[in-house]
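Peer 1: The structure under discussion is supplied below as structure tokens; questions concerning it will follow.
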Amino acid sequence: MSQPGSATAAPVCGETGLIYQRCRWCGTASFRRLLCPVCASSDLETARSDGDGIVVRTTVVHRYTKLARNESLVRFPEGFMLRCRVIGAPPHLVWAGERVRPAAGADFSEGEVVFEVCDTRDRELDRWR
């Protein structure tokens with residue numbers, strides 16, 4: 001069970017997205033923080049993001065497993081960034097600029113944030129543009 005204001009994204013029936021925090025003093029948005037990263041205030045209010053974001057940086061990781069997986073840095077329109085795993089495409093075909101959304105059925109309470117690629121149509125054609 002998550003504590004109020006702890007920013008763990010507990011899935012709510014019929015709702016998708018992420019729960020993040022916004023500093024009441026300076027307005028900076030952050031994800032899973034105890035203090036504001038800008039002004040160090042502990043006065044954070046909880047807000048809900050729709051969860052859609054843009055991949056800023058991506059890498060393929062083979063650490064601790066024989067299978068390759070993708071780890072990406074995703075930026076959200078609310079102003080925060082977070083590191084997550086992206087599914088829905090082979091790990092080496094997730095590019096910077098790709099639109100992602102929270103994966104269906106993902107449980108964020110375990111600590112790993114999982115997103116899926118929004119539009120998988122025409123992936124091969126987009127690569128050549």
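The values are calculated or read from the model by the stated rules, or taken from the named source; none is laboratory data. Model, not experiment: these values are computed from the prediction. Don't worry about glycine lacking a Cβ; one is built from the backbone with ideal geometry, like all the others, and counts go over all protein chains shown.
Peer 1: Residue by residue through region 64-80, note down the ones that are crowded, with 16+ Cβ neighbours inside 10 Å, touching a Gly at 6+ places or on another chain (Cβ under 8 Å) and assigned to a loop (DSSP other than H, G, I, E, B).
Peer 2: Passing the criteria: only 76.
Peer 1: Oh, and also: Go through (1) modelled with pLDDT under 90; (2) surrounded by 11 or more Cβ atoms within 10 Å (Cβ to Cβ) and name the single condition residue 124 misses.
Peer 2: The one condition residue 124 does not meet is (2).
Peer 1: What's the total number of residues in region 83-92 that are in a helix (DSSP H, G or I) and surrounded by 18 or more Cβ atoms within 10 Å (Cβ to Cβ)?
Peer 2: 1
Peer 1: Right, something else. I'm trying to understand the selection: among the residues of region 47-63, which are in contact (Cβ under 8 Å) with a residue 24 or more places away in the chain and either more than 19 Å from the chain's Cα centre (by Cα) or assigned to a loop (DSSP other than H, G, I, E, B) (or both)?
Peer 2: 50, 51, 52, listed by residue number.
Peer 1: Given the conditions (1) at pLDDT 90 or above; (2) in contact with a Leu (Cβ under 6 Å, 6 or more places away or on another chain), and given that residue 51 satisfies all but one, which numbered condition is not satisfied?
Peer 2: Evaluating residue 51 over (1) at pLDDT 90 or above; (2) in contact with a Leu (Cβ under 6 Å, 6 or more places away or on another chain) leaves (1) as the failure.
Peer 1: Give just the number: which of (1) under 15 Å from residue 31 (Cβ atoms); (2) part of a loop (DSSP other than H, G, I, E, B) does residue 96 not satisfy?
Peer 2: Every condition holds for residue 96 apart from (1).
Peer 1: I'd like the full set of residues that are among the aliphatic types (A, V, I, L, M) and either at pLDDT below 90 or not in a loop (DSSP other than H, G, I, E, B) (or both), limited to region 32-46.
Peer 2: Once the filter is applied, which keeps residues that are among the aliphatic types (A, V, I, L, M) and either at pLDDT below 90 or not in a loop (DSSP other than H, G, I, E, B) (or both), region 32-46 yields 34, 44.
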